[in-house]
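Okay, structure first, notes after.
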């Protein structure tokens with residue numbers, strides 16, 4: 001069974017601080033895909049990153065970085081020098097091979113205080 | 001490129017009434033999904049279409065929910081009759097690669113917020 005756990009329900013940081021959002025997943029598949037989505041107050045889910053299980057390289061995109069560790073079944077997301085516009089709910093999601101059903105975590109609400 | 005379009009954005013109905021939501025996916029996307037997102041939770045898949053055929057509707061409460069994707073483009077999700085617990089945001093998403101291949105990225109619309117009184 002697929003499961004995604006985001007233990008942090010809410011996080012508040014002051015602008016320019018770094019923040020890490022945790023994601024732990026469970027799956028029996030050897031091939032799987034991990035995603036992060038951002039949901040701002042407008043409600044639309046915005047795609048941030050997709051990573052397959054065979055690629056454990058960490059990725060950096062501007063102020064965003066992702067740390068994928070298969071040994072601990074984690075796919076954590078770090079925002080460096082946070083900004084007010086980063087305030088949103090962030091979801092981690094998991095998909096199996098050849099099946100596009102996304103299993104979402106419960107989300108982490110990030111509030112960046114100016 | 002236009003994103004996934006959904007309408008209406010908001011809907012308020014009384015319990016036992018009917019409601020329908022519309023979704024227009026990104027042009028050329030073969031796969032379309034409907035998700036239900038209850039407040040404070042992550043989205044949960046209701047139904048997945050590939051072109052105009054159903055791939056997965058195992059989580060769809062078929063006694064009251066129905067969905068169709070005629071001509072393999074637009075889709076409509078209907079609830080009849082609505083219950084209080086159907087209050088949620090209904091999200092439509094689409095992806096380019098048909099199911100059966102590698103999992104492709106799903107792009108989401110703005111959602112329809114349904115309130116059942």
For region B:44-117 and region A:47-114, what is the separation of their Cα centres, given in Å?
24 Å
Evaluate E = 1/(1 + (r/R0)^6) for residue A:10 and residue B:7, where r is the Cβ-Cβ distance and R0 equals 35 Å; express this FRET efficiency to the nearest 0.05.
0.65
Contact order normalised by residue count of region B:1-51, Cα under 8 Å, 6+ apart, percent
30 percent
Kirkwood estimate for chain A, i.e. one over the average of 1/r between Cα atoms, Å:
14.2 Å
Over every pair of different alpha-carbon atoms in the protein assembly as shown, take the mean of 1/r and invert it; report that Kirkwood radius in Å.
18.2 Å
Please check which bits of region A:64-83 a label hung off residue A:54 would reach, taking the label as a point 7 Å along Cα-to-C-beta and the cut-off as backbone N under 13 Å.
none
Averaged across A:37-46, how many Cβ atoms of other chains sit within 10 Å of each residue's Cβ atom?
5
What's the extension gain from residue A:113 to residue A:18 if we count 0.36 nm per residue and subtract their Cα-Cα distance?
33.0 nm
If I take all pairs of Cα atoms in region B:25-117, what percentage of them are more than 19 Å from each other?
37 percent
I want to check the label-to-label distance for residue A:61 and residue A:31. Put each point 7 Å from Cα in the C-beta direction and report it in nm to one decimal.
2.3 nm
Among DSSP bridges having both ends in chain A, what percentage is antiparallel? Round to the nearest 5.
85 percent
How far apart, in nanometres, would the label points at residue B:51 and residue B:71 be if each is projected 7 angstrom from Cα along the Cα-to-Cβ direction?
1.6 nm
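Every number in this text was worked out from the coordinates using simple rules, so none of it is lab data. From a predicted model like this one, the values you see are computed outputs, not experimental measurements. Heads up, the Cβs are rebuilt from the backbone with ideal geometry, glycines too, and the neighbour counts pull from every protein chain shown.
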